[in-house]
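K.L.:
Here you go, one structure.
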Amino acid sequence: MFRMLALCSVVILLFVANVVAAGRPNILYIMSDDHAAHAISAYKSRLAKVAPTPNIDRLANEGALFENAFCTNSICSPSRACVLTGQYNHINGAFDLGGDVKPGKQMLALQMGKAGYDTAMIGKWHLKVEPADFNYYCVLAGQGSYFDPEFRVRGDKPWGKNTIKFDGKHSTDAITDLTLDWLQEGWDQEKPFFLMHHYKAPHDYFDNAKRYESYLAGVAIPEPETLWVRDPKFGSLATRGDNDELIPHIGTSNGPRNPRRSYLGDLPKLYPAEFPENFDPAKFSDEANTRLAYNAYLKKFLRCVKGIDDNLGRLFKHLEDAGQLDNTVIIYTGDQGFMLGEHDYQDKRWMYEESQRMPFLVRYPKTVPAGQRFDTLVENVDYAPTMLDFAGADIPDSVQGKSFKSLLETGKEAADWKQEAYYRYWMHMAHHDNPGHLGIRTKTHKLIYYYGCNYDGRYQTPAGWELYDLISDPHETRNVYHDPAQSALVAELKRRLADTRKRVGDDGTHFPKCEAVVQEFWDYDKSDQLKARQISHDYLARRLTELKAGQRNVKTWSGN
């Protein structure tokens, strides 16, 4: 009798759990790699008319769009770790491209599973270790390949040894096919699903599906004014050097500015069809070379974006046909932004708007009113608790981010919501010649502090501070940090930066030698600036020696 009652209780509990789970929405988290917000037409940038993204725009038209969504570290692995854990990188330990989130720590997957969700991770993972806390995964190894992609799956062999390959397919198509297959055959439909659907595109070097080769052919891509005009007030000693001596050596370029790495140096070999036949840059002016490289760069990038948007049309149609579209919280974002020619910079990593800002769009018509645009400051550490909130799942105390579900549903920003977004880039002078820096972004201003050293406090570049008024100068062309009229604002924002570092737990104990340099130049008085000028001269001498020795890809950072 007791056994029968116990069995009945278990059956009833399982039935109740399934009924509760069935009442919860599916959650589809779509993330593309390096997809800048200003390459989505819903954000109404200079590219909106020439390269529209109607399927992504649908999420904005039928849901909500965030103008001020930011990553806390504009690089692939750290950003993904923030989303998965709800923690800043100095807490989750993924400081750079060597970062991972080990099985048992993949919080978002674990909590969704505990809440009764069937969990899946499909596409680009880029966190080295096995995504074992998901019920199902099919992920690219590392960056993966654009063509003939190979995916790692769970199997009898050790992690990384069980693979499937899609010969003849582009990765964007293959990832969409995999998701559609899982939704049709893999998803346990007695449970709601939590699916992370991650594209490799449009990570550089951009390689679009062949069917898009004619897309934008013959079109002159609109250019940002800052591609050509480097305002004398833009940047700082940290990014320009003493008397502008480091302009060629800080930040990789579109045109010939940076002699170590530029798209002018890289793209003609990769995409000769985008350049004149038998292209020889020596026969063209700097302006012509820059324009050629910029157009090749943007066209390949936007062709990859076109492939994403078209594939999302396929995915949304499947959900609609299956009767699941309106029962699914759909989120679209990137893992960070990307510089699309602004300030003649390529890649991401910077705290400048185009790199720090993430696209973030949400559609869920049952509770999220259509057509909303928010200026609330949200960070990628907030994404996980928001999704968990929609799922009715528990949010662990380890999570540093906060849910903004109520904002989406009511349109009202919480009275106690943070007013500073924190940023820290740790990979000092790695790959794209970006100095280590940190700072805060408010709704109206941005304060950036380039402390300029690696984890061990070495390989220094000159320290410097930058302050931008985003209301009067939205493209960040004039650094007003040294303007006497801004001295009170500078003091206030530096205090808020220090307070924010305490709030998020970036207390300097992770890398004490680096923190010593951070503190050394914090006040930035005349003696600090004098020392920074000398560091500029020393760094220039070192860089010229490296270039003379032909060290094109110098390793300058110390990983963990």
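K.L.:
Could you count how many residues in segment 526-546 are modelled with pLDDT under 95 and of a type in the set (Gly, Ala, Ser)?
P.N.:
Total satisfying the criteria: 0.
K.L.:
Read through the list (1) buried (at least 22 other Cβ atoms within 10 Å of the Cβ); (2) farther than 27 Å from residue 373 by Cα, then give the number of the only condition that residue 113 fails.
P.N.:
The single condition residue 113 does not satisfy is (1).
K.L.:
Moving on. Of everything in segment 31-56 that's within 19 Å of the chain's Cα centre (by Cα) and free of Cβ contacts under 8 Å to residues at least 40 places away in the same chain, which residue is farthest from residue 316 (Cα to Cα)?
P.N.:
Across segment 31-56, the extreme among qualifying residues is 45.
This table checks each residue for (1) in the same structural domain as residue 430 (by TED's automatic domain parsing); (2) of a type in the set (A, V, I, L, M, F, W, C); (3) within 30 Å of residue 441 (Cα to Cα).
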{"position": "77", "(1), (2), (3)": "no, no, yes"}
{"position": "83", "(1), (2), (3)": "no, yes, yes"}
{"position": "91", "(1), (2), (3)": "no, yes, yes"}
{"position": "94", "(1), (2), (3)": "no, yes, yes"}
{"position": "99", "(1), (2), (3)": "no, no, yes"}
{"position": "102", "(1), (2), (3)": "no, no, no"}
{"position": "107", "(1), (2), (3)": "no, yes, yes"}
{"position": "115", "(1), (2), (3)": "no, yes, no"}
{"position": "122", "(1), (2), (3)": "no, yes, no"}
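K.L.:
Of everything in segment 274-312, what is hydrophobic (A, V, I, L, M, F, W, C) and either closer than 17 Å to residue 219 by Cβ or touching a Ser or Thr at 6+ places or on another chain (Cβ under 9 Å) (or both)? Give them in sequence order. Please lay out each step first, then the result.
P.N.:
Here is the first cut: in segment 274-312, the ones hydrophobic (A, V, I, L, M, F, W, C) are 275, 279, 282, 284, 288, 292-293, 296, 298, 301-302, 304-305, 308, 312.
Result: 275, 292, 293, 296, 298, 301, 302, 304, 305, 308, 312.
The rows are residues; the columns are (1) within 25 Å of the chain's Cα centre (by Cα); (2) outside the structural domain of residue 167 (by TED's automatic domain parsing); (3) not polar (S, T, N, Q).
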{"position": "199", "(1), (2), (3)": "yes, no, yes"}
{"position": "202", "(1), (2), (3)": "yes, no, yes"}
{"position": "206", "(1), (2), (3)": "yes, no, yes"}
{"position": "217", "(1), (2), (3)": "no, yes, yes"}
{"position": "224", "(1), (2), (3)": "yes, yes, yes"}
{"position": "228", "(1), (2), (3)": "no, yes, yes"}
{"position": "231", "(1), (2), (3)": "no, yes, yes"}
{"position": "236", "(1), (2), (3)": "yes, yes, no"}
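K.L.:
In segment 252-262, is there at least one residue being more than 23 Å from residue 336 (Cβ to Cβ), buried (at least 21 other Cβ atoms within 10 Å of the Cβ), in contact with a Gly (Cβ under 9 Å, 6 or more places away or on another chain) and at pLDDT 95 or above?
P.N.:
no
K.L.:
Give the residues of segment 394-414 that are part of a helix (DSSP H, G or I) and either more than 21 Å from residue 327 (Cβ to Cβ) or without any contact (Cβ under 8 Å) to a residue 40 or more places away in the chain (or both), sorted by residue number.
P.N.:
Here is the first cut: in segment 394-414, the ones part of a helix (DSSP H, G or I) are 405-410.
405, 406, 407, 410 - these are the residues of segment 394-414 that are part of a helix (DSSP H, G or I) and either more than 21 Å from residue 327 (Cβ to Cβ) or without any contact (Cβ under 8 Å) to a residue 40 or more places away in the chain (or both).
K.L.:
For segment 493-512, state whether one or more residues are of a type outside the set (Val, Ile, Thr), within 17 Å of residue 435 (Cα to Cα) and at pLDDT 95 or above. Before you say what the answer is, go through the steps one by one.
P.N.:
Let us first name the residues in segment 493-512 that are of a type outside the set (Val, Ile, Thr), namely 493-499, 501-503, 505-508, 510-512.
Right, trim to within 17 Å of residue 435 (Cα to Cα) and you get 511.
Add one more test, that the residue is at pLDDT 95 or above, and what stays is 511.
Yes, segment 493-512 has at least one match.
K.L.:
Could you list, in sequence order, the residues of segment 248-288 that are under 25 Å from the mean Cα position of the chain (by Cα) and of a type in the set (A, V, I, L, M)?
P.N.:
Listed by number, the residues that qualify are 250, 264, 267, 270.
K.L.:
A follow-up question, please. Looking only at segment 68-119, filter to residues that are more than 13 Å from the chain's Cα centre (by Cα) and among the hydroxyl-bearing types (Ser, Thr, Tyr); which one of those is farthest from residue 427 (Cα to Cα)?
P.N.:
Once the filter is applied, the top-ranked residue is 117.
K.L.:
May I ask you to verify whether residue 196 is surrounded by 19 or more Cβ atoms within 10 Å (Cβ to Cβ) and not in a strand (DSSP E or B)? I'd like the intermediate steps shown before the answer.
P.N.:
On the way: surrounded by 19 or more Cβ atoms within 10 Å (Cβ to Cβ): yes; not in a strand (DSSP E or B): no.
Considered against the rule, which asks whether it is surrounded by 19 or more Cβ atoms within 10 Å (Cβ to Cβ) and not in a strand (DSSP E or B), residue 196 comes out as no.
K.L.:
Name every residue in segment 218-227 that is loosely packed, with under 14 Cβ neighbours inside 10 Å, assigned to a loop (DSSP other than H, G, I, E, B) and either among the polar types (S, T, N, Q) or touching a residue at least 12 places away in the same chain (Cβ under 8 Å) (or both), in order of residue number. Give the steps one after another, and end with the answer.
P.N.:
Restricting attention to segment 218-227, the residues satisfying the condition of being loosely packed, with under 14 Cβ neighbours inside 10 Å are 218-220, 225.
Next, only the ones that are assigned to a loop (DSSP other than H, G, I, E, B) stay: 218-220.
Those that are loosely packed, with under 14 Cβ neighbours inside 10 Å, assigned to a loop (DSSP other than H, G, I, E, B) and either among the polar types (S, T, N, Q) or touching a residue at least 12 places away in the same chain (Cβ under 8 Å) (or both): 219, 220.
Okay, residues lined up against (1) in contact with a Leu (Cβ under 8 Å, 6 or more places away or on another chain); (2) surrounded by fewer than 18 Cβ atoms within 10 Å (Cβ to Cβ); (3) under 30 Å from residue 500 (Cα atoms):
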residue: 98; (1), (2), (3): no, yes, yes
residue: 102; (1), (2), (3): no, yes, yes
residue: 129; (1), (2), (3): no, yes, no
residue: 140; (1), (2), (3): no, no, no
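K.L.:
Applying the selection to segment 233-264, what residues are under 17 Å from residue 449 (Cα atoms), assigned to a loop (DSSP other than H, G, I, E, B) and hydroxyl-bearing (Ser, Thr, Tyr)?
P.N.:
236, the sole residue that qualifies.
K.L.:
Also, I was wondering about something else. Out of segment 235-256, which residues are touching a Leu at 6+ places or on another chain (Cβ under 9 Å), touching a residue at least 60 places away in the same chain (Cβ under 8 Å) and under 23 Å from residue 437 (Cβ atoms)? Walk me through how you get there before you give the answer.
P.N.:
Filtering segment 235-256 for residues touching a Leu at 6+ places or on another chain (Cβ under 9 Å) gives 237-242, 245-246, 249, 253-256.
Within this subset, residues satisfying the condition of being touching a residue at least 60 places away in the same chain (Cβ under 8 Å) are 237-239, 241-242, 245-246, 249, 253-255.
If the condition is that a residue be touching a Leu at 6+ places or on another chain (Cβ under 9 Å), touching a residue at least 60 places away in the same chain (Cβ under 8 Å) and under 23 Å from residue 437 (Cβ atoms), then 237, 238, 239, 241, 242, 245, 246, 249, 253, 254 are the ones that fit.
K.L.:
Okay, moving on. Test residue 303 against the stated conditions and say whether it is more than 22 Å from residue 197 (Cα to Cα), at pLDDT 95 or above, in contact with a Phe, Trp or Tyr (Cβ under 7 Å, 6 or more places away or on another chain) and not polar (S, T, N, Q). Steps first, answer last, please.
P.N.:
Numbers: more than 22 Å from residue 197 (Cα to Cα): no; at pLDDT 95 or above: yes; in contact with a Phe, Trp or Tyr (Cβ under 7 Å, 6 or more places away or on another chain): yes; not polar (S, T, N, Q): yes.
Taking the combined requirement at face value, the residue does not satisfy it.
K.L.:
Name every residue in segment 469-497 that is more than 18 Å from residue 452 (Cα to Cα) and hydrophobic (A, V, I, L, M, F, W, C), in order of residue number.
P.N.:
Residues satisfying the conditions are 470, 471, 480, 485, 488, 489, 490, 491, 493.
K.L.:
Just to confirm my filter: which strands (runs of 3 or more DSSP E) fall fully inside segment 70-172 and include at least 2 residues that are touching a residue at least 60 places away in the same chain (Cβ under 8 Å) and among the small types (Gly, Ala, Ser)?
P.N.:
Working: elements: 118-123, 136-140, 150-153, 163-165.
Output list reads 118-123.
K.L.:
Can you tell me which residue is surrounded by the most Cβ atoms within 10 Å (Cβ to Cβ) among those in segment 173-183 that are in contact (Cβ under 8 Å) with a residue 12 or more places away in the chain and farther than 21 Å from residue 303 by Cα?
P.N.:
First, pick out the residues of segment 173-183 that are in contact (Cβ under 8 Å) with a residue 12 or more places away in the chain: 173-176, 178-180, 182-183.
Applying the additional criterion that residues be farther than 21 Å from residue 303 by Cα yields 178-180, 182-183.
On the way: 178: 22, 179: 26, 180: 17, 182: 18, 183: 22.
Looking at residues that are in contact (Cβ under 8 Å) with a residue 12 or more places away in the chain and farther than 21 Å from residue 303 by Cα, I get 179.
K.L.:
Which residue, of 109, 132, 141, 120, is out of contact with any Ser or Thr (no Cβ under 9 Å at 6 or more places or on another chain) and small (Gly, Ala, Ser)?
P.N.:
Values: 109 fails: out of contact with any Ser or Thr (no Cβ under 9 Å at 6 or more places or on another chain); 141 fails: out of contact with any Ser or Thr (no Cβ under 9 Å at 6 or more places or on another chain); 120 fails: out of contact with any Ser or Thr (no Cβ under 9 Å at 6 or more places or on another chain).
Of the residues listed, the single one that is out of contact with any Ser or Thr (no Cβ under 9 Å at 6 or more places or on another chain) and small (Gly, Ala, Ser) is 132.
K.L.:
While we're on this one: Could you look through segment 265-288, keep only residues that are part of a helix (DSSP H, G or I) and hydrophobic (A, V, I, L, M, F, W, C), and pick out the one that is nearest to residue 212 (Cα to Cα)?
P.N.:
The first filter runs over segment 265-288 and keeps only residues part of a helix (DSSP H, G or I), leaving 265-270, 272-274, 281-283, 286-288.
This time we only want the ones that are hydrophobic (A, V, I, L, M, F, W, C), so: 267, 270, 273, 282, 288.
Working: 267: 18, 270: 16, 273: 13, 282: 30, 288: 25 Å.
It comes out as 273.
The values are calculated or read from the model by the stated rules, or taken from the named source; none is laboratory data. Just so you know, these numbers come straight off a predicted model, no measurement behind them. So basically every Cβ, Gly included, is an ideal-geometry build from the backbone, and we count neighbours across all protein chains shown.
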